Amino acid sequence: MVEEFDSLHVVCHLDSMLTRRGLSLTELSKLVGVSLANLSVLKNNRAKAIRYSTLIALCQALDCQPGDLFTVNVRPD
């Protein structure tokens, strides 16, 4: 079962959401109370996990749903 997920990865669309909302990463950091460094890791698809509280804060600040921020894609071969 685990092997099925090896070919998948989660992609964060924070950069495009920020552009659409006219916000900078620094402004979002202040709005949601998450460090700029942590948001940068998330934005650059280097995060291994995200807390529900962070996800909720991001969705509230960006007026979106989790599916707007993240997609699950198949890794290219």
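Among residues that are among the hydroxyl-bearing types (Ser, Thr, Tyr) and either on the phi > 0 side of the Ramachandran plot or free of Cβ contacts under 8 Å to residues at least 40 places away in the same chain (or both), residue 7 is not included. The residue that is modelled with the lowest pLDDT, among those in segment 1-30 that are charged (D, E, K, R) and more than 14 Å from residue 62 (Cβ to Cβ), is 3. Of all the criteria given as (1) small (Gly, Ala, Ser); (2) within 10 Å of the chain's Cα centre (by Cα); (3) surrounded by 15 or more Cβ atoms within 10 Å (Cβ to Cβ), the one not satisfied by residue 61 is (2). Within segment 49-65, can one find any residue that is closer than 30 Å to residue 6 by Cβ, among the basic types (Lys, Arg) and modelled with pLDDT of 95 or more? Yes: one or more hits.
Note on segment 31-48: residues that are within 14 Å of residue 60 (Cα to Cα) and either of a type in the set (S, T, N, Q) or surrounded by 12 or more Cβ atoms within 10 Å (Cβ to Cβ) (or both) amount to 3. Among the residues making up segment 10-35, a single one is out of contact with any helix residue (DSSP H, G or I) (no Cβ under 9 Å at 6 or more places or on another chain) and on the phi > 0 side of the Ramachandran plot: 22.
The values are calculated or read from the model by the stated rules, or taken from the named source; none is laboratory data. Since the structure is predicted, the reported quantities are computational estimates derived from the model, not experimental observations. Here the Cβ is made from the backbone with ideal geometry for all residues, glycine too, and neighbour counts use every protein chain on show.
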